[in-house]
Amino acid sequence: MPQASSPLALHGGPKAVTATKPAHHRWGAAELARLTAMVDQPSLFYWKGPQTEALLAEFRRTYPLQWCMPCSSGSASLHIAVAALQLPPGSEVITSPVTDMGSVIGILYQQLVPVFADIHPHTYNLDPADVRRRITPKTKAIMVVHLAGNPSEMDALMAIAREHNLFVIEDCAQSWGAAYRGKPVGLFGHLACYSFNEYKHVSSGDGGIVGTNDARFGPTLSKWGDKHYDRVTGGRNPETLSPNYRISEPQAAVAAAQLVKLPDIIAAHIRLGSRLLHHLQELALPGVVLPQIDPRDTHSFWFCLLRLEPTRFRCTRDEFVTALVAEGAHAAAGYIPKPMYAYALFQNHNFFAGRWPLRDAGLTTMDYRTVKCPVAETMLTEGVSLPISPAMTDELIDQTASALAKVARHFAV
Ligand SMILES: *Cc1c(COP(=O)(O)O)cnc(C)c1O
């Protein structure tokens, strides 16, 4: 292995990472068996379809939620959850500005107002103290995002919700297998949402599931993702508006097989992510700020997100990442390029053909051009993400840590 003092690969030196990521077959015999069984079915419709039923049974092994709606994406699951709350137009939903668009799409389509609260500088999840500061009389819900696989501070967030009579939706898209104080994320709030998109721990290409144990929302949950048709009674007299977000049997077949593997997939993410973090803790590189994980919790390491203190390096974050990638490491700058409220969509309030009917109607005075979440802004300019995959070998993980040390020492002030 090259010494830390050898020239950067970027400058023609030997690469710190010589191990490659072996080809990874995420889908195989188990998925094929389900798909083969599926093509003999008389129907590929989701409602009581055998693959969808199998998906539900597998899901409930980890997430015992009485009412569930398997759907077409994580974004769909979140839209269904938000719609099921039936909040009056203009109600505010507090969420993180460091998340996927999927978190806010449903909020906006339901004519509600996403209110962005700042994040904790070391967990990158919602800071309960800032959530509290952003509460107004119009606040009706909190959408908690468990980022990267690290559980949010659910005790504090649920206490705020109880105090202010708010609903809580958990966005668990990045946190399959994560647990807060030993209990899987998704089992704390009123509704829980998960994604099966290409990049998540378990995948059917696309897909999602939303679930609840709350009898106020459960019985109508499937209607909110199925045109508001009532599949239980067969009634077709929608009393309100809902999109069609149904999953299909082919997606459900793959997702069901994936969920059988969930414990093994999560175990691999946790083992490799913890190994990487352990190396970085031992290296204690000045200026490399590691993510904070409560020892009572389980981080399921969808990726490992760390920060570089700008004053400690003679290079920019992007130059650091370029050097790291040149070493052969799997790494990327930041997570999303800027906090969600800084996206053109929000800056221009361009939600519906260049307008925001809520504002036009006087139901909100929100101006996203004035929103500031300083911790989120800083984190996104300083962050480096290291993706974790079950395909990675211990050697690759070890060399990734060495590469980080090599680059950090090279650029140290
Ligand atoms: C991936 C993701 C979503 C959206 O999931 P899709 O299945 O891509 O629609 C929502 N929230 C978070 C935090 C995500 O990472």
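The values are calculated or read from the model by the stated rules, or taken from the named source; none is laboratory data. The structure presented is a predicted model; accordingly, all values stated were derived computationally and were not measured. Cβ placement follows ideal geometry from the backbone for every residue including glycine, while neighbour counts extend to all protein chains displayed.
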Checking Cys193 against (1) within 11 Å of the ligand (Cβ to nearest atom); (2) in contact with an Asp or Glu (Cβ under 6 Å, 6 or more places away or on another chain); (3) assigned to a loop (DSSP other than H, G, I, E, B), which single condition isn't satisfied?
(3)
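I'd like to check which helices (runs of 4 or more DSSP H) are fully inside segment 336-411 and have at least 1 residues that are under 22 Å from Gly287 (Cβ atoms) and β-branched (Val, Ile, Thr).
Details: elements: 344-347, 357-360, 374-382, 394-411.
Passing ranges, in order: 374-382, 394-411.
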Among all residue pairs at least 6 apart or on different chains, which show Cβ distances below 7 Å where the first residue, located in segment 188-200, is closer than 16 Å to Leu147 by Cα and the second is of a type in the set (Ser, Thr, Tyr) and near the ligand (Cβ under 7 Å from one of its atoms)?
Ser195/Ser73; Asn197/Ser73
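Could you count how many residues in segment 60-81 are assigned to a helix (DSSP H, G or I) and more than 12 Å from the ligand (Cβ to nearest atom)? I'd like the intermediate steps shown before the answer.
Within segment 60-81, the first condition is being assigned to a helix (DSSP H, G or I), and the residues that meet it are 60-62, 74-81.
Narrowing the set further to residues that are more than 12 Å from the ligand (Cβ to nearest atom) leaves 60-62.
The total comes to 3.
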Restricting attention to segment 82-91, which residues are surrounded by fewer than 23 Cβ atoms within 10 Å (Cβ to Cβ) and either under 21 Å from the mean Cα position of the chain (by Cα) or in a helix (DSSP H, G or I) (or both)?
Leu85
Going residue by residue through segment 289-310, is there one that turns out to be on the phi > 0 side of the Ramachandran plot and in contact with a His (Cβ under 8 Å, 6 or more places away or on another chain)?
yes
Among the residues of segment 171-180, are any among the hydroxyl-bearing types (Ser, Thr, Tyr) and without any contact (Cβ under 8 Å) to a residue 40 or more places away in the chain?
no
Would you call Ser242 farther than 30 Å from Gly28 by Cα, at pLDDT 95 or above and among the small types (Gly, Ala, Ser)?
yes
Has segment 163-183 got at least one residue that is more than 16 Å from the ligand (Cβ to nearest atom) and in a helix (DSSP H, G or I)?
yes
Consider only pairs whose beta carbons are under 7 Å apart and that are at least six residues apart or on different chains; among these, list those whose first residue lies in segment 376-397 and is under 28 Å from Arg26 (Cα atoms) and whose second residue is of a type in the set (S, T, N, Q) and at pLDDT 95 or above.
Leu386/Thr400
Hey, any hits in segment 34-44 for a residue that's modelled with pLDDT of 95 or more, more than 28 Å from the chain's Cα centre (by Cα) and surrounded by 17 or more Cβ atoms within 10 Å (Cβ to Cβ)?
yes
What's the number of the only condition in (1) touching a Leu at 6+ places or on another chain (Cβ under 7 Å); (2) away from the ligand (no atom under 14 Å from the Cβ); (3) not aliphatic (A, V, I, L, M) that Trp224 fails to meet?
(1)
Would you check which residues across segment 82-129 are more than 24 Å from Glu382 (Cα to Cα), out of contact with any strand residue (DSSP E or B) (no Cβ under 7 Å at 6 or more places or on another chain) and away from the ligand (no atom under 14 Å from the Cβ) and list them?
Ala83, Gln86, Pro88, Pro89, Gln110, Gln111
Residue satisfying all of: in segment 205-242; touching a Ser or Thr at 6+ places or on another chain (Cβ under 9 Å), touching a residue at least 40 places away in the same chain (Cβ under 8 Å) and not in a strand (DSSP E or B); surrounded by the fewest Cβ atoms within 10 Å (Cβ to Cβ) among these
Arg231
List every residue pair whose Cβ atoms sit under 8 Å apart, with the two residues 6 or more apart in sequence or on different chains, where the first one lies in segment 141-164 and is under 12 Å from Ala178 (Cα atoms) and the second, anywhere, is away from the ligand (no atom under 13 Å from the Cβ) and of a type in the set (S, T, N, Q).
Leu147/Thr123; Asn150/Thr123; Pro151/Thr298; Ser152/Thr123
